[in-house]
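Read the structure below first, then the notes.
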Amino acid sequence: MEARVPGPRGEGVMEAFAFYLMAALATAAAVLVVTERQVFNAALYLAAVLALVAGLFGFLGADFLAAAQVLLYVGGILVLIVFAVMLSSVRDGRVRSQINAQWLPALAVSLAVAVAVVEAVRRSSFAAADVQAAPTTGALGMLLFNEMALPFEAVSLALLAALVGAVFFSRKERPDGAAGDAK
Amino acid sequence: MIESARLLKPEIILAGAALALLALDVSVGRGSLKRWALAAALASLAAALACLLRFPDSGRAFGMLSIDEFSHFFKLVSVLGAGLVLLLAEDDDSLMGGSAGTFAGLVLLSTVGTMLLASAEDFLILFVALELTTIPLFILAGFLRRDLRSNEGAIKFFLMGAFSTGLMLYGISFLYGSAGSTHFQALASVWSADVPANRTLDLVGLFFLLAGLGFKLTLVPFHQWVPDAYEGAPTPITAFFAVSRDAGVIVVMLRLFGEFVPIGRAGLTDLFALLSVLTMTIGNLTALRQESLKRLLAYSSIAHAGTLFIGLVAANPLGREGVMVYALAYTLMGIGAFAVVAAVARIKGSDSLEAIEGLAGEHFGLAMLMLIFLLSLSGIPPFLGFLGKFYVFAAAIEAGLGWLVAIGLLNSVISVYYYFRIVHKMFFRDSRILSLASPANWSLRIAAGASAAALLIFGVFPHRIASWVGQASRALQ
């Protein structure tokens, strides 16, 4: 499997090493996001995960996706999360236990799923994608407004609904219980 | 592309109306808004309905949607469901009060998602449409912002929904990695190849996909969110929950497993049958012990999902027709039953089983309507609910799944017990709770009355719907 890392410049050992290193780091950071008890630190680990995933995207020749990942997730969403953490008073994170009574069945199910997935991937052969180190921005733009126009529009409706929901729930309520405008 | 857009007229009308309604809520003063929002939403639904009936175009849109008679049927069901739900909500001040535009707009957006699902034959649009249909439902479930039950139900629904979407996406990524395309057709070539290819990855992908869709289909063991979300949501929205399931999610599965991935060849028949048995049995057994009308109907809704699923397990044209009849029937009788619950909750100020005691003595019309819905829900002729059950059971027998039918019939008997417990309370007990308000308003009466009439008419004259459904299901291979 090691030989088939689809790096942009062929299949060298160095590329494979860098790819797996980034993947391993991203996984380790993702585990830390969950196990870290302080929400703020967890957010910082999340930043590391997202940045490393951006690196993986870049490695696979998806330059636009890598840039968008950095701009939107690392730059935008994460800053929002950090703001939310700092503005809300999350203090009791340290005392709360991070597992509950269901941990044993949950662990069993997770292990079973992990074994199934690993086994499935091991048994399958993947056709190596033909990746060219060409800029993808133009092609993506064409796709979004031609073949993918419908999902693009549908997703904009879904996001609009989510936005409306966020506004609805965060609006201040008038004393009579009806939702009013935030002043 | 213009051709493709032309095929999506009903969806575009509804999406446009939803955008206008959402804008209306912020720009217009509060006073006259309520009537306008309801009227505009109903008008757009009527326009979409007319579009579906008068111009039943067919073809492929954007290479991802199959617009055919099969999808038309389910689109009609979802438009009908949305219309009935809006009528139920008409006098509910918490929904149609200050945020009427938001409420109606979200209902329409969710309907657009369901309609896209009914045509989807590509994983990309399946995912996007599923999000479009559930995100408004998350918000609508928590629409009563001051009600703790509403908050709890919405949060549970949202977390479970997000998790199941993640599982589904993970599965889709496997299927994409194996087939190299997100179109269902690519999967068909994987499963139809005569060469015994290694399909482990596809199978794992299908399992994840099934887990994700199972949440939306309220299949056991993915059903835990249902009772809380159904109980906490405003009653008209509770009635709306099942529409996206019966007219959207199950349709995608019928398409995927009927046309592209034969469940027999994928070796999934036993698993699907087991899911169906679990869903029917656990739904019904838990419904026996409920003391809240909404929770009881929520568990019975789970049980109905199990019966509906039999049509998919049978994997034959008759099963497909069965799902169509059952979806129409459940939409009518489910919304109808919740309409009566909403009326009772308004009159008595409670949705416990106690509140419906003595309903026949005080409001005979409501009690008779509820009787019709309950008879139809328990599958007693001559109502449409019976026809739906008859179809799916016949399909299962044709597919050689007699044991599944036996369990299904046994479950019907269990369900008769708890449905008739409600009937008994309505007709043979005296009311112990003081009435607070006047009986239901005109729009709720229209919605419930029309549903009951449709259940009776289609049930007594089944040949009309049988020929319609038979013709429509032939659109699929």
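The values are calculated or read from the model by the stated rules, or taken from the named source; none is laboratory data. The model shown is predicted, which means the values in this text are computed figures rather than measured ones. Cβ placement follows ideal geometry from the backbone for every residue including glycine, while neighbour counts extend to all protein chains displayed.
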Take the conditions within 18 Å of the chain's Cα centre (by Cα) and over 30 Å from A:Val113 (Cα atoms) and apply them to B:Leu126. Does it pass? no
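With the structure loaded, tell me whether B:Ala314 is closer than 15 Å to B:Met280 by Cβ and in contact with a helix residue (DSSP H, G or I) (Cβ under 9 Å, 6 or more places away or on another chain) or whether it fails that test. If you could, list the steps in order and put the result at the bottom.
On the way: closer than 15 Å to B:Met280 by Cβ: yes; in contact with a helix residue (DSSP H, G or I) (Cβ under 9 Å, 6 or more places away or on another chain): yes.
Judged against the criteria, B:Ala314 is a match.
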Check off (1) within 30 Å of B:Ser451 (Cα to Cα); (2) surrounded by fewer than 24 Cβ atoms within 10 Å (Cβ to Cβ) for B:Thr269 and give me the number that stays unchecked. (1)
Write out, first by first residue and then by second, each pair whose Cβ atoms fall under 8 Å of each other, whose residues are 6+ apart or on separate chains, and whose first residue, in the range A:4-21, is on the phi < 0 side of the Ramachandran plot and β-branched (Val, Ile, Thr) while the second is at pLDDT 80 or above and surrounded by 13 or more Cβ atoms within 10 Å (Cβ to Cβ). A:Val5/A:Glu15; A:Val5/A:Ala16; A:Val5/A:Phe19
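Restricting attention to the range B:97-109, which residues are closer than 27 Å to B:Ala61 by Cβ and either surrounded by fewer than 24 Cβ atoms within 10 Å (Cβ to Cβ) or at the interface with chain A (Cβ under 8 Å from one of its Cβ atoms) (or both)? If you could, list the steps in order and put the result at the bottom.
So in the range B:97-109, the residues closer than 27 Å to B:Ala61 by Cβ come out as B:104-109.
Across the range B:97-109, the qualifying residues are B:Gly105, B:Leu106, B:Leu109.
Among B:Leu49, B:Leu88, B:Leu84, which is the only one that is among the hydrophobic types (A, V, I, L, M, F, W, C), under 19 Å from B:Ala447 (Cβ atoms) and surrounded by fewer than 24 Cβ atoms within 10 Å (Cβ to Cβ)? Spell out how you get there, then give the answer.
Numbers: B:Leu88 fails: surrounded by fewer than 24 Cβ atoms within 10 Å (Cβ to Cβ); B:Leu84 fails: surrounded by fewer than 24 Cβ atoms within 10 Å (Cβ to Cβ).
It is B:Leu49.
Scan the range A:139-183 for residues that are in a loop (DSSP other than H, G, I, E, B) and at pLDDT 80 or above and jot them down.
Of all residues in the range A:139-183, those in a loop (DSSP other than H, G, I, E, B) come to A:146-148, A:171-172, A:174-178, A:180-183.
A:Asn146, A:Glu147, A:Met148, A:Arg171 - these are the residues of the range A:139-183 that are in a loop (DSSP other than H, G, I, E, B) and at pLDDT 80 or above.
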State which residue pairs qualify: first residue within 14 Å of chain A (Cβ to nearest Cβ) and inside the range B:67-96, second residue buried (at least 24 other Cβ atoms within 10 Å of the Cβ) and assigned to a loop (DSSP other than H, G, I, E, B) in any location, beta carbons under 8 Å apart, and separation of 6 or more residues or different chains. B:Ser94/B:Phe143; B:Leu95/B:Phe143
Given the criteria under 21 Å from the mean Cα position of the chain (by Cα), assigned to a helix (DSSP H, G or I), among the polar types (S, T, N, Q) and surrounded by 24 or more Cβ atoms within 10 Å (Cβ to Cβ), does B:Thr279 qualify? yes
Looking at B:Asp25, is it within 11 Å of chain A (Cβ to nearest Cβ), closer than 19 Å to A:Phe168 by Cβ, without any contact (Cβ under 8 Å) to a residue 12 or more places away in the chain and not hydrophobic (A, V, I, L, M, F, W, C)? no
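Within the range B:234-266, take every residue that is part of a loop (DSSP other than H, G, I, E, B) and touching a residue at least 60 places away in the same chain (Cβ under 8 Å) and give me the one that is surrounded by the fewest Cβ atoms within 10 Å (Cβ to Cβ). Talk me through it step by step, then tell me what you get.
So in the range B:234-266, the residues part of a loop (DSSP other than H, G, I, E, B) come out as B:234, B:261-266.
Narrowing the set further to residues that are touching a residue at least 60 places away in the same chain (Cβ under 8 Å) leaves B:234, B:261-262, B:265-266.
On the way: B:Pro234: 22, B:Val261: 21, B:Pro262: 15, B:Arg265: 11, B:Ala266: 18.
Filtering first and then ranking leaves B:Arg265.
Rundown of residues vs (1) under 27 Å from B:Ala61 (Cβ atoms); (2) free of Cβ contacts under 8 Å to residues at least 60 places away in the same chain, yes/no style:
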| position | (1), (2) |
| --- | --- |
| B:Thr133 | yes, no |
| B:Leu144 | no, no |
| B:Glu152 | no, no |
| B:Met160 | no, no |
| B:Phe163 | no, yes |
| B:Leu175 | yes, yes |
Does B:Ile465 satisfy the criteria of being touching a Leu at 6+ places or on another chain (Cβ under 9 Å), over 20 Å from B:Ile302 (Cα atoms) and free of Cβ contacts under 8 Å to residues at least 24 places away in the same chain? no
Could you please find all residues in the range B:289-324 being in contact (Cβ under 8 Å) with a residue 24 or more places away in the chain and not in a helix (DSSP H, G or I)? B:Gln290, B:Glu291, B:Ser292, B:Ala315, B:Asn316
I'm told B:Phe73 meets every condition in (1) more than 27 Å from B:Ser473 (Cα to Cα); (2) out of contact with any Pro (no Cβ under 6 Å at 6 or more places or on another chain) except one. Can you identify the failing condition by its number? (1)
If only one of B:Ala345, B:Ala339, B:Ala367, B:Ala327 is in contact (Cβ under 8 Å) with a residue 24 or more places away in the chain, under 23 Å from the mean Cα position of the chain (by Cα) and surrounded by fewer than 24 Cβ atoms within 10 Å (Cβ to Cβ), which one is it? B:Ala345
Residue hits (the range B:430-463; outside any helix (DSSP H, G or I) and modelled with pLDDT of 85 or more) are B:Phe461
Within the range B:55-66, track down each residue that is under 21 Å from B:His183 (Cα atoms) and either charged (D, E, K, R) or more than 14 Å from chain A (Cβ to nearest Cβ) (or both). B:Ser58, B:Arg60
What's the number of the only condition in (1) within 14 Å of chain A (Cβ to nearest Cβ); (2) touching a Lys or Arg at 6+ places or on another chain (Cβ under 9 Å); (3) more than 20 Å from B:Pro236 (Cα to Cα); (4) modelled with pLDDT of 85 or more that B:Gly16 fails to meet? (2)
